[in-house]
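Enquirer: Got a structure here, written out as structure tokens. Questions coming.
Bear in mind that the values in this text are calculations on the coordinates, not laboratory data. A quick note: this is a predicted structure, and the numbers were derived from the prediction, not measured. We place every Cβ from the backbone using ideal geometry, glycine too, and count neighbours over all the protein chains shown.
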Amino acid sequence: MKRIGFGIIGCGMIASFHAKALMEIEGVDVVALQSRRRERAEALAQSLPQPPAVYTDVEAMLRLPGLDVVCICTASGAHLEPAMAAARAGKHVIVEKPLEVTLERCDALIETCRQAGVRLGAIFPSRFADANRALKEAVSLGRFGRLTMGVTACPWWRTQAYYDEGGWKGTLALDGGGALMNQAIHNVDLLLWLMGDAASVMAMTATLAHERIEVEDTAAACVQFQSGALGIIQAATSAYPGWPKTIALHGDRGSALVEQEDVLRWDFAEPRPEDEALRARFAHKAEASGGASHPAAISHEYHRRQLEDFVQSLRTGKPLAVDGAEGRKAVALIVAIYESARTGQRVALA
């Protein structure tokens, strides 16, 4: 079995999650790290069992023999350029969320990867969590009947210091948005994955608990899905002390509520013998805060599962669980939410 060489561009906090996850996947090597700040790449390299090559120049890294896949872990609004460079160099690309911060940049990346004949994946690890997979299976089996409502909340907290530490956080150009684009995009993606594509949205956003940022720290949106079902999205970095994220699905034959990794409610008109075992399996499972009050308080397990899916796609040719087109959907809905909040009007999605 040919080993697959991964490189990571951008060596901030999330890069360490990619590196840890990749080290646990059979047949994979982390062969290169790139950062504009060499000391960051060197620090991450030294934390790995076999330190990879370190670069400050993207193009130089892309010339490294044995490099097959590049993980893009730069600031959100700086994903496009290194990802396009990697694709044009013939490397497969997997991009940390969001895929990019505008639809124009998302589309440019998707098209570049298509033309280059390389795979493009978008990181949404919440899809790989067991409780969320159980929700998806219940939807697929028709246990909810007709889906009528999906509700998701991300009532998180970030200190003023989080935004004041400098760099890209809280800027429109590089963060692309606030509580929605950076934090609750996982909730938005899950809602679309479970409920289906959105048709239109009405929303409000505000900046209520922070200063000197260009983005929202509080948002509320009402969604109509193409199926006719309705949805509610709540997102915040203004909710002290930060509560776990939740997602609830309702239909005319059942309802379920998941908080982080705990199934709080699992109620169907037609119970099944395995329901009680599922409730027991997902009771009090969550240990970390899931990032509710600190961005590093997450596990790398679901990154590992998604990156493993990417590796299996390369080895077997099976479709990616989350490709570029799937990654674009959450960005499209969030962009529409921002447009609705700006104009005060209902916004239709293409």
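Enquirer: Ala199 to Glu301: extension gain in nm, 0.36 nm per residue of separation minus the Cα-Cα distance? Don't skip to the end; give the middle numbers.
Expert: Working: separation 102, 0.36 × 102 = 36.72 nm, distance 3.28 nm.
The span from Ala199 to Glu301 would gain 33.4 nm if fully extended.
Enquirer: Taking the Cα-to-Cβ direction at Tyr240 and at Glu339 and moving 7 Å from each Cα, how far apart do the two end points lie in nm?
Expert: Here the answer is 3.7 nm between the modelled labels.
Enquirer: On to the next question. For Ala350, put the label point 7 Å out on the Cα→Cβ axis and report which residues of region 84-101 keep their amide N under 16 Å from it.
Expert: 100-101
Enquirer: Just want to confirm a number: the relative contact order over the chain, from Cα pairs under 8 angstrom separated by 6+ residues, in percent.
Expert: Values: 761 pairs, mean separation 65.7, N = 350.
With pairs under 8 Å counted, the relative contact order is 19 percent.
Enquirer: Given labels modelled 7 Å from the Cα in the Cβ direction, how far is it in nm from Ala206 to Lys136?
Expert: 3.6
Enquirer: So, one more: Using DSSP, restrict attention to beta bridges with both residues in the chain and report what percent are antiparallel, rounded to the nearest 5. All intermediate terms of the calculation are to be shown ahead of the outcome.
Expert: Working: 37 of 64 bridges.
Roughly 60 percent of the DSSP beta bridges within the chain come out antiparallel.
Enquirer: Sticking with this structure for a sec: Which residue fluctuates the most in the chain, going by a Gaussian network model with Cα springs under 10 Å, if the choices are Pro51, Pro273, Pro155?
Expert: Maximum among the listed residues: Pro273.
Enquirer: Taking 0.36 nm per residue of separation and subtracting the Cα-Cα distance, what length does fully extending Glu165 through Glu26 add?
Expert: Taking Glu165 through Glu26 to full extension adds about 46.3 nm, to one decimal.
Enquirer: What residue among Thr56, Thr152, Thr237 has the largest mean-square fluctuation in a Gaussian network model of the chain, using Cα springs under 10 Å?
Expert: Greatest mean-square fluctuation among the candidates belongs to Thr56.
Enquirer: Using per-residue counts of other Cβ atoms within 10 Å, averaged over each peptide, order 207-216, 329-338 from highest down. Can you show the working numbers first?
Expert: Numbers: 207-216: 16.6, 329-338: 24.3.
In descending order of packing, they fall as 329-338, 207-216.
Enquirer: Can you classify region 58-178 as rounded, prolate or oblate using the Cα gyration tensor, where a ≥ b ≥ c are the square roots of its eigenvalues, rounded means a/c under 1.5, and otherwise it's prolate if a/b beats b/c and oblate if not?
Expert: Details: a/c = 2.30, a/b = 1.32, b/c = 1.75.
Verdict is oblate for region 58-178.
Enquirer: Taking the Cα centre of each part, how many Å lie between region 209-243 and region 87-136?
Expert: The two parts, judged by their Cα centres, are 23 Å apart.
Enquirer: Normalised by the residues of region 225-265, what does the relative contact order come to in percent, with Cα pairs under 8 Å and at least six apart?
Expert: Numbers: 29 pairs, mean separation 9.6, N = 41.
Result for region 225-265 is 23 percent.
Enquirer: For region 63-109, just list the percent of Cα-Cα distances falling in each 10 Å bin from zero outward, please.
Expert: P(r) for region 63-109, in whole percents per bin: 29, 56, 14, 1.
Enquirer: Then there's this: Full-extension gain between Leu172 and Asp107, please, as 0.36 nm times their residue separation minus the C-alpha to C-alpha distance.
Expert: Details: separation 65, 0.36 × 65 = 23.40 nm, distance 1.88 nm.
In short, 21.5 nm is gained.
Enquirer: Of the candidates Arg305, Arg281, Arg272, which one comes out as most mobile in a Gaussian network treatment of the chain with C-alpha springs shorter than 10 Å?
Expert: Arg272
Enquirer: What does the C-alpha gyration tensor say about the overall shape of region 31-84? Classify as rounded when a/c is under 1.5, otherwise prolate if a/b is larger than b/c, or oblate. Could the numbers behind the result be given before it?
Expert: On the way: a/c = 1.83, a/b = 1.28, b/c = 1.43.
It comes out oblate by the Cα gyration axes.
Enquirer: Could you give the C-alpha radius of gyration of the chain expressed as a fraction of 2.2 N^0.38 Å, taking N as the number of residues it contains?
Expert: Numbers: Rg = 19.9 Å, N = 350, 2.2 N^0.38 = 20.4 Å.
Rounded to two decimals, the normalised Rg is 0.98.
Enquirer: When a/c is below 1.5 the answer is rounded, else prolate if a/b is larger than b/c, else oblate, so apply that to region 189-280 with a ≥ b ≥ c taken from the square roots of the Cα gyration tensor eigenvalues.
Expert: Numbers: a/c = 3.65, a/b = 1.60, b/c = 2.28.
Because a/c hits 1.5 or more and a/b fails to exceed b/c, region 189-280 counts as oblate.
Enquirer: Further question on the same structure: Quick one: Debye curve from the alpha-carbon atoms of region 1-113 only, equal weights, vacuum; give me log10 I(q)/I(0) at q = 0.09, 0.10, 0.15, 0.17 Å⁻¹ to two decimals.
Expert: Result of the Debye calculation: -0.20, -0.25, -0.58, -0.74.
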